[in-house]
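Visitor: Here you go, one structure.
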Amino acid sequence: MLNISDFNNNLLVWYQANKRDLPWRRTSDPYRIWLSEVMLQQTQVITVIPYFEKFITNYPDIDSLADADEGRLLKDWEGLGYYNRIRNFQTAVKEVQNTYDSKVPDDPDAFFSLKGVGPYIGGAVQSIAFNNLLAAVDGNVLRVMARLNLDYRDMTKASVQKSVKQNIEAIMPLEAGDFNQALMELGATICTPRAPKCIMCPVQGHCEAYKAGEVASLPVKKKAKAKKEIYYNVYFILNDNEEIILRKQEGTLLQGMYELPKYDIDTSVESIEEELGLTLDHPNLHVGSVKHVFTHQVWYMEGYVLYTKDAHPDFISLNEVEKLPMSKAMQKIYRQFEG
Ligand code: SF4
C-alpha cells in the first residue's frame with residue numbers, strides 16, 4: 001500500500017534538487033509552456049531545445065504565432081516532423097487570439113476544446129502553467145507507473161492510459177505541475193527503459209516491481225508490428241531555365257510542404273507524362289537511392305532526372321528550393337541531386 005504523502009514528498013524533493021535546466025522550465029508564460037509541450041510530443045528533449053529557442057525568438061507570443069505566414073512556420077518547423085502539430089497549434093493559437101483576448105485559457109474545458117489539445121498536452125499545460133490538478137501521462141510516466149504498481153496491463157491501450165491518469169490524479173498534491181514534471185523526469189533520467197538506475201531512485205522504497213525483482217519485465221511490451229515497405233521513384237523534372245517541378249502537398253499530413261513528384265515504381269513515364277501534361281525526355285540519369293524510416297513505414301526512393309521543354313505551373317527556380325519547407329525524406333533525396 002502506497003504511503004501517498006511520503007511518496008509525493010520523496011518525488012518532489014528529488015525533482016527540485018535534480019531537475020534538468022531546460023529553457024521551458026525558466027518561464028511561467030503559458031504560451032511558451034504550451035509550445036514546448038507541442039514540440040516535445042514525439043520528439044526528444046535534446047532535439048527540441050534549439051527549435052524552442054528559434055520559435056520564441058521568431059514568435060515570442062500568441063499574436064506573432066497566430067499571424068505568422070504558414071509557409072514560414074513550416075520552414076521553421078522543418079526537421080521536427082509530424083507537421084500537423086504546428087498546423088494545429090497555429091489554428092488553436094488563432095482561436096486564443098480571437099476568443100480569449102490572446103490569453104491561454106486557464107479553464108481546462110476551454111483549453112481542451114482547442115485544436116490539437118489532447119489529454120497529454122491539456123494535462124501538461126494546465127498543470128504546469130496553472131497548477132490545475134490534471135495528470136500528464138506520456139510514455140515515461142506510463143513506464144514509471146507500471147513499475148511502481150507492478151502493473152502488467154498493456155500500457156499502449158487507451159483504456160489503461162485513462163486508468164493510469166485517474167490513479168495519478170487520485171494521489172496528486174497541490175503542486176500539480178511539479179508533480180507531473182517530476183514523474184516525467186524520473187522516467188527520462190532514472191526509471192529509463194533499459195538499465196534503470198534503481199539504486200539512485202527517490203521512490204525505490206515505494207516500488208512494487210523493485211521489491212518483486214520484476215523491473216526488467218515491465219512495462220509489458222507488445223510485439224512491434226512490421227513496418228510497411230513502400231518503393232517510390234522520385235523525379236527531378238528540369239527545364240532549360242534552371243527550374244524544377246516541386247508540388248505543394250494538399251490534404252495529407254504533410255499539407256503545405258513541398259515535394260518532388262514521386263510515383264510507385266511500377267508507374268510508367270508515359271503515365272506520368274499524361275498526368276502532368278508534359279512531354280518528358282528521360283535519359284535514364286539515376287541520381288541516387290534513399291531509405292527513410294517513418295513510425296509505421298519505410299520508404300525506399302530512387303531518384304531520376306527527366307527533362308521537358310513544356311511549361312508547367314509547378315516549376316520553380318532551383319535557387320528558390322532551399323527556402324521552401326520540405327519533409328526530411330524529400331530533403332534526403334534532394335541532397336542526392338545537389339551533391
Ligand atoms: Fe523505476 Fe527502479 Fe525507481 Fe522502481 S525503483 S521506480 S523501477 S527506477
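Visitor: Can you order the peptides 142-155, 322-335 by their average number of other Cβ atoms within 10 Å per residue, highest first? Walk me through the intermediate numbers first.
Guide: Values: 142-155: 20.4, 322-335: 18.1.
Going from most to least packed, we get 142-155, 322-335.
Visitor: Lysines within cross-link reach of K223: Cα-Cα under 20 Å, excluding same-chain residues under 8 positions apart?
Guide: Cross-link targets: K157.
Visitor: Same structure again: Using every Cα-Cα pair within region 284-339, state what percent have a distance larger than 14 Å.
Guide: Values: 976 of 1540 pairs.
Here the tail beyond 14 Å accounts for 63 percent of pairs.
Visitor: How charged is the neighbourhood of Y231? Take every other residue with its Cβ under 12 Å from the Cβ of Y231, and add Lys/Arg as +1 and Asp/Glu as -1. Display every interim value, and only then the final one.
Guide: Details: positive: K228, K262, K291; negative: E229, D264, D266, E302.
Net of charged neighbours comes to -1.
Visitor: Next up: A 27 angstrom limit on the alpha carbon distance is what I want to check against. Which of K165/K211; K19/K165; K291/K323; K115/K262; K115/K162 exceed it? Let's see the in-between values first.
Guide: Numbers: K165/K211 23 Å; K19/K165 22 Å; K291/K323 24 Å; K115/K262 31 Å; K115/K162 20 Å.
Those over the limit are K115/K262.
Visitor: Oh, and also: Strictly over 32 Å apart at the Cα level, which of K54/K332; K225/K332; K228/K309 would you flag in this model?
Guide: Numbers: K54/K332 23 Å; K225/K332 25 Å; K228/K309 37 Å.
The pairs that break the limit, which is 32 Å between Cα atoms, are K228/K309.
Visitor: Can you give the angle from 0 to 90° between the axis of helix 328-338 and the longest principal axis of the chain, with both taken from C-alpha atoms, to the nearest 10?
Guide: That works out to roughly 40 degrees.
Visitor: With runs of 4+ DSSP H residues as the only contributors, calculate the mean residue ellipticity of the chain at 222 nm using -39,500 (n - 2.57) per run, divided by the residue total and rounded to the nearest 500. Please list the in-between numbers first.
Guide: Numbers: 14 runs with 148 residues, N = 339.
Estimated from H runs of four or more residues: -13000 deg cm²/dmol.
Visitor: Given the chain, report the % of alpha carbon pairs whose separation exceeds 28 Å. Write out the running numbers ahead of the final one.
Guide: Details: 30516 of 57291 pairs.
Counting pairs separated by more than 28 Å, the tail of P(r) holds 53 percent.
Visitor: Quick check: the distance between the Cα centres of region 38-96 and region 203-275, to the nearest angstrom?
Guide: Result: 20 Å between the Cα centres.
Visitor: Which log10 I(q)/I(0) values, to two decimals, does region 32-96 give at q = 0.19, 0.23 Å⁻¹ under the Debye formula with one point per Cα?
Guide: Log-scaled intensity ratios, in q order: -0.64, -0.98.
Visitor: What are the extents of the Cα atoms of region 53-141 along their three principal axes, in Å, largest first?
Guide: 36, 33, 20
Readers should treat all values here as calculations from the given coordinates under stated rules, not as data from a laboratory. Remember, it's a predicted structure, so these values are computed and weren't measured experimentally. Because the Cβ atoms are built from the backbone with ideal geometry, glycine has one as well, and the counts that use them run over all protein chains shown.
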